[in-house]
Each structure stands twice: as structure tokens, then as C-alpha cells.
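To keep things clear, I will list the structure first and then write my remarks on it.
The values are calculated or read from the model by the stated rules, or taken from the named source; none is laboratory data. Computed from a prediction, not measured in an experiment: that's the story for all the values here. Here the Cβ is made from the backbone with ideal geometry for all residues, glycine too, and neighbour counts use every protein chain on show. Surface accessibility is based on the protein's heavy atoms, side chains included, excluding ligands, DNA and RNA. Shrake-Rupley method; radii C 1.70, N 1.55, O 1.52, S 1.80 Å.
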Amino acid sequence: MSTAVQLAATGHGFLSPTGVEIAFLLVGIATFGAAVITVTTKQLVHAALWLVVALGGIAVEYLLLTAEFIAWVQVLIYVGSVVVLLLFGLMLTKAPIGRSPDADSGNRPAALAVAVAAAAALVWVVVDAFRATWIDLDKGVQGSTAVSGESLFRYWVLPFEALSVLLLAALVGAIVLSRKKVEEKR
Amino acid sequence: MHLAYPAVLAVLLFCTGLYGVLARRNAILVLMSVELMLNAVNLNLVAFDVWLRDTLHAGQALTLFTIAIAAAEIGIGLAIVLLVYRNRGTSDVDRLRDLADPPPSGQVPPDDSDDSMAAATDNGPGNGPGNGPDDRADQGTRARRQTA
């Protein structure tokens, strides 16, 4: 009760959410619903398209958390390229168009039990830990392109360059893995 | 904004991805679920970075790095899935059990009746995955070579 009084004194209302919170909640519900459809639908191409909705919803959540640069990077890389790659993968492995009855494996009840147990435990822990914690979004934008670029190229240059080498190595590896053997054709 | 909103959303997305990884059979759908789990982690990183007002912006920098590593991972993962599909004719993770222990006392596991499974297991130990003679793609290249 005393914590409730303290919280009320600091100006954060329990039952009066702000507009940002309401928007976050609605977008979060849509995102979670799209994610659930992604992992449960029987149509493989629809799973990739619902993944677009889920990733776009997460981009909107980044915008609501004032991390603009991350949001646009999310839209560019995830929605723009990763989902397209996944769709190409589905097409190249001759994924059936329409409902495929064997999209889920036999250990589905065990997976559901594990996921629900993990979700219950983690939600309980997280809500209990951050019950009285608020993000102050009014003190300026945290993740504009200027701020992100400055921190990225002032403090994180070495990991950035190492990551570019890793990305190059990964792409070369992907090309080497996926091309056909040349000596077979001779 | 209450910090519990992004934290709970990240937890729910992570557990959705966990369910997908455990329950899906197609390897590409498993990769999609892995992407969901990585996005849940990214949401947590951004939320805690904004909450802590980190002067180094470690959370957002790490989010960018995670996105780049996820892109690399999806490229390599799709290349491996395509290679497995080209060699085996299937991309179901349930059927890739060459490394599984043999069933005890000679009983046959129920999935063995499939022809693609039989084709996958007919690869002897001498035939590496690159030169298995019994897959459709190889037959296609052989036919193309004969016509050429």
C-alpha cells in the first residue's frame, strides 16, 4: 500500500495509461497475434507473410520507444531482405502452396507445454521485477540517427568493423555452400 | 511508459518463437521462429537502453549488431537448408536422422515407411552428402547432361 502511495505521488497512474502505452499495447497485441499465427498456420507461405506483420509491429514498437534508427533498420533488413530470403527459400524447396498437413511435427504438445511454462515463469518474474519501473520518454529522443551514429562510430567502431568482416565471411560462405560443383560438369 | 509492457511483449514473442522451434517440421519455418526469438531479444535491448539512458547506447549498438548477425545467420542457414534439400529431397528436420542412434532391438521407427526417408538412409557411409547418387536434383543434372 505504501508503494502504491509513493507511485501515485510520483505522477505515474496505475489505471490511467498514457497514449503511448495504449498504442504500445494495441500494436503489441497485433504483433503477438501475428507471431502466433506465424508459428501455427499450416500454409507455409502465409507463415512468411504473417512474419512480415510481426516484424513490422516490432518496428512500430521501436518507434514508440523513440528508437527511430533501429526501427528503420528493422524495416530495411528484416522486412526487406530476411523475409524475401525466407520466401525464396520456401519457393526453392518446393514448399506446397495451400495447406500442408505435416507442417507440425509430432512433439507439438510437448512444445506447447514448454512454451506455456516458459511464458508463465518469465512473465511472472518480469512483472514482479519491473512493477515499479517507468521509462521516461519525455526527455528527448533516445535513438535518433544522429545519436545512434555518434555512439556507433565513436565507441563501437571496432565491433562494427569486426561485424562487417563477419558479414562478408558469412555471405562468401553462403555462396560457396549454395553453388553447384564446377568439376562435376566437366 | 511502464517498463513491463515491452518486457512482457518480449517474453511472449520469445516463447512463441520457442514453440515454433520445437513444434515446426519444415526447416525454414524453424528459421522463422528463430527470427522471432532474436526480435524479442532486440526489443528487450532497446527497451532497457531507453530506460537506462545509457550514454554509450550499448543496447542500441548491440541491437544493430544482432540484426546484422541475424542476417548472416539467415543467409548461411538458408544455404544449408537448400543444400540439404538438394541432396535429400526434403527439408523436414524430422527426417534428417542419420546421426540418430539405431532403434533398440531391431524395431522400426514409424517414420521409416516414407520413400524419401528410405532414399535418405540408403546413402551408405561411403557416399558423402555431396555425391549421393539418388536425389532428384542430381537426376535432373544428369538428364540435362545427356541432352547436351
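Data overview
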item: Matching option when the condition is in a helix (DSSP H, G or I), touching a Ser or Thr at 6+ places or on another chain (Cβ under 6 Å) and without any contact (Cβ under 8 Å) to a residue 24 or more places away in the chain, among B:V8, B:V21, B:V50; result: B:V21
item: When residues of region B:5-58 are limited to those that are of a type in the set (V, I, T) and facing chain A (nearest Cβ under 7 Å), the one surrounded by the fewest Cβ atoms within 10 Å (Cβ to Cβ); result: B:V8
item: Residue under evaluation B:T90, criteria (1) assigned to a loop (DSSP other than H, G, I, E, B); (2) buried (at least 21 other Cβ atoms within 10 Å of the Cβ); (3) facing chain A (nearest Cβ under 8 Å), criterion not met; result: (3)
item: Filter result (part of a helix (DSSP H, G or I) and either within 14 Å of B:M32 (Cα to Cα) or among the β-branched types (V, I, T) (or both)) within region A:10-34; result: A:V20, A:I22, A:V27, A:I29, A:T31, A:A34
item: Residue check for A:L137: free of Cβ contacts under 8 Å to residues at least 24 places away in the same chain and over 19 Å from B:L36 (Cβ atoms); result: no
item: Filter pass, A:D128 being modelled with pLDDT under 95, surrounded by fewer than 17 Cβ atoms within 10 Å (Cβ to Cβ) and touching a Lys or Arg at 6+ places or on another chain (Cβ under 7 Å); result: no
item: Residue that is of a type in the set (G, A, S) and farther than 23 Å from A:P96 by Cα, where the choices are B:A7, B:A27, B:A23; result: B:A7
item: Of residues in region A:137-175 being open to solvent by 60 Å² or more (accessible area, probe 1.4 Å) and under 16 Å from A:L65 (Cβ atoms), the one nearest to the other protein chains (Cβ to nearest Cβ); result: A:K139
item: Residues of region B:59-76 satisfying the condition of being more than 8 Å from chain A (Cβ to nearest Cβ) and buried (at least 21 other Cβ atoms within 10 Å of the Cβ); result: B:G59
item: Residues of region A:68-109 satisfying the condition of being over 23 Å from B:G59 (Cα atoms) and among the β-branched types (V, I, T); result: A:V83, A:V84, A:T93, A:I97
item: Filter pass, A:V116 being open to solvent by less than 30 Å² (accessible area, probe 1.4 Å), among the β-branched types (V, I, T) and closer than 27 Å to B:V93 by Cβ; result: no
item: Residue pairs meeting the criteria (Cβ under 9 Å; at least 6 apart or on separate chains; first more than 18 Å from A:G143 (Cα to Cα), in region B:64-78; second open to solvent by 30 Å² or more (accessible area, probe 1.4 Å) and among the aromatic types (F, W, Y)); result: B:L78/A:F88
item: Test set (1) under 25 Å from B:L31 (Cβ atoms); (2) open to solvent by less than 30 Å² (accessible area, probe 1.4 Å); (3) within 21 Å of the chain's Cα centre (by Cα) - A:S81 fails condition number; result: (2)
